[in-house]
1. Which residue, chosen from Gly74, His141, His93, occupies the Cα position most advanced towards the positive end of the dipole of segment 23-157, where the dipole is computed from +1 (Lys, Arg) and -1 (Asp, Glu) charges on Cβ about the Cα centre?
2. Run the accessible area of the chain with a 1.4 Å probe and give the carbon-and-sulfur part as a rounded percent.
3. Given the alpha-carbon gyration tensor of segment 75-224, what are the semi-axes of its equivalent ellipsoid in whole angstrom, ordered largest first, with each equal to the square root of 5 times an eigenvalue?
4. Could you rank the peptides 186-194, 75-83, 198-206 by their average count of other C-beta atoms within 10 Å per residue, with the highest value first?
5. Nearest 5 is fine: what % of DSSP beta bridges in the chain come out antiparallel, could you say?
6. Ranked highest first by average number of other Cβ atoms within 10 Å, how do 99-106, 162-169 line up?
7. In square angstrom, what is the accessible area per residue of the chain with a 1.4 angstrom probe?
8. Please tell me the relative contact order of the chain in percent, rounded to the nearest whole number, where contacts are Cα pairs under 8 Å and at least six residues apart.
Amino acid sequence: TMITFSQSRMRAPDGRCKAFDHRADGFVRGEGCGVVVLKRLSDALAAGDPVVAVIRGSATNQDGHTNGITAPNGLAQRAVIERALRDAGVAAHDIGYVEAHGPGTSLGDPIEIEALGASVGRSSPDGTPCFLGSAKTNVGHLEGAAGIAGLIKAALVLRHAEIPPLVHFTQLNPHLEAKGTRLRFPTEATPWPPGGRVRQAGVSAFGWSGTNAHVVLEEAPATPARVGRDRDQ
């Protein structure tokens with residue numbers, strides 16, 4: 001038996017991705033690509049290369065059996081985040097920003113928030129929040145390039161130590177269970193103070209096939225060259 005689905009029924013009629021908002025009504029298709037240069041940190045520092053961010057760890061897994069191709073598995077999403085944290089050697093409460101998958105769909109958003117709330121969203125000893133973002137609210141769903149777009153955005157958030165607003169977000173979707181978590185949905189540009197710790201961020205990407213990926217990023221180490229560039233900006 002062939003199973004089919006209509007993308008037109010899943011796309012936002014107004015062409016705006018409203019991730020985690022009460023008006024979320026579908027994803028938005030986009031076109032684009034992204035390129036990053038990966039290099040061993042010690043080699044990059046020795047060569048004097050400009051380092052934007054450091055990949056601390058990553059993980060992938062699979063949704064397994066679900067109700068259909070459009071139905072994510074929240075337990076698998078939570079598991080991949082926790083595995084990436086272990087791979088990175090980073091505590092969940094040290095993550096200050098997550099570039100979420102955030103497609104803006106009525107099914108995907110609540111499942112993702114539940115997984116985030118049960119992992120990086122748990123309360124931290126010092127009460128620091130974890131801000132969320134979604135590049136899809138800016139440029140739409142780039143399909144095969146959606147993950148790299150999120151990685152680039154998270155790296156730039158770390159680079160500039162500023163969390164951008166979640167575009168088109170006005171009021172939290174009542175179907176999202178964020179109460180009691182440290183998850184925050186920024187509506188304006190927010191400085192990211194160091195708070196006595198190295199800034200660290202997570203990036204989530206989930207595919208149609210059921211493949212889930214999560215990457216843990218860390219701000220680039222301070223170097224004389226970088227400090228000089230930051231002062232000149």
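1. Checked the options; the winner is His93.
2. 54 percent
3. 21, 17, 17
4. On the way: 186-194: 11.8, 75-83: 20.3, 198-206: 24.0.
Highest mean packing first, the order is 198-206, 75-83, 186-194.
5. Details: 19 of 30 bridges.
Roughly 65 percent of the DSSP beta bridges within the chain come out antiparallel.
6. Details: 99-106: 25.6, 162-169: 19.2.
Output ranking for 99-106, 162-169: 99-106, 162-169.
7. Values: 12110 Å² over 233 residues.
Spelled out: the 1.4 Å probe surface of the chain, per residue, equals 52 Å².
8. Numbers: 470 pairs, mean separation 69.5, N = 233.
This gives 30 percent for the chain.
The values are calculated or read from the model by the stated rules, or taken from the named source; none is laboratory data. As the structure is a computational prediction, the values presented were derived from the model and not from experiment. Counting neighbours? That spans all protein chains shown, and the Cβs are built from the backbone with ideal geometry, glycine included. Heavy atoms of the whole protein, side chains included, go into the accessibility calculation; ligands, DNA and RNA do not. Shrake-Rupley method; radii C 1.70, N 1.55, O 1.52, S 1.80 Å.
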